[in-house]
Amino acid sequence: MTTTATAPVTNEPAPKTQIEIIRAHLMTGATITTWDAYRLYQITSLAQRIHNLRDTGLLIQSEMVNHNDKRFSVYWLDEQTLLESELSNSEVS
């Protein structure tokens with residue numbers, strides 16, 4: 001007898017991509033660091049996801065920070081980008 005495995009059928013939405021997760025985080029107005037991305041979302045390649053988002057035209061600000069003898073980037077969206085996004089979303093609704 002031959003059997004084949006099939007994936008269970010559920011009504012749950014498909015998981016978001018890492019890019020969608022990081023974009024949604026930034027759209028809240030919050031900053032994000034590599035540690036935040038890992039701690040909150042288990043994303044280990046934040047710099048690459050930021051690069052992907054910038055390639056789509058999203059204007060992401062960044063700054064190198066030194067803290068506890070560690071150097072890392074902090075990423076955020078400026079207020080103008082957030083306002084433009086909010087306006088375009090309200091026009092669609």
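The values are calculated or read from the model by the stated rules, or taken from the named source; none is laboratory data. Every value quoted in this text rests on a predicted model; they were computed, and no experiment measured them. Backbone-built Cβ (ideal geometry, glycine too); neighbour counts: all protein chains shown. Note: accessible area is taken over every heavy atom of the protein model, side chains too, but ligands, DNA and RNA are not part of it. Shrake-Rupley method; radii C 1.70, N 1.55, O 1.52, S 1.80 Å.
Residues in the stretch 56-87 that are in a loop (DSSP other than H, G, I, E, B) and either aliphatic (A, V, I, L, M) or touching a Pro at 6+ places or on another chain (Cβ under 9 Å) (or both): 58, 59. Per this entry, residue 91 is not counted among residues that are in a helix (DSSP H, G or I) and surrounded by 11 or more Cβ atoms within 10 Å (Cβ to Cβ).
Out of curiosity, is residue 61 out of contact with any helix residue (DSSP H, G or I) (no Cβ under 8 Å at 6 or more places or on another chain) and either modelled with pLDDT of 95 or more or open to solvent by less than 40 Å² (accessible area, probe 1.4 Å) (or both)? In short, yes.
Just give me the residues in the stretch 23-39 being of a type outside the set (D, E, K, R), open to solvent by 80 Å² or more (accessible area, probe 1.4 Å) and either under 10 Å from the mean Cα position of the chain (by Cα) or more than 11 Å from residue 73 (Cα to Cα) (or both), in sequence order.
Keep residues of the stretch 23-39 that are of a type outside the set (D, E, K, R), which gives 24-35, 37-38.
The next check asks that each one be open to solvent by 80 Å² or more (accessible area, probe 1.4 Å); those that pass are 28, 35, 38.
Across the stretch 23-39, the qualifying residues are 28, 38.
Among the residues of the stretch 44-55, is there at least one that is open to solvent by less than 30 Å² (accessible area, probe 1.4 Å) and outside any helix (DSSP H, G or I)?
Residues of the stretch 44-55 open to solvent by less than 30 Å² (accessible area, probe 1.4 Å): 46, 50, 53.
Checking the rest, the ones that are also outside any helix (DSSP H, G or I) come to none.
No, the stretch 44-55 contains no residue that is open to solvent by less than 30 Å² (accessible area, probe 1.4 Å) and outside any helix (DSSP H, G or I).
Within the stretch 64-88, take every residue that is open to solvent by 100 Å² or more (accessible area, probe 1.4 Å) and charged (D, E, K, R) and give me the one that is modelled with the lowest pLDDT. Among those residues, the one meeting the criterion is 86.
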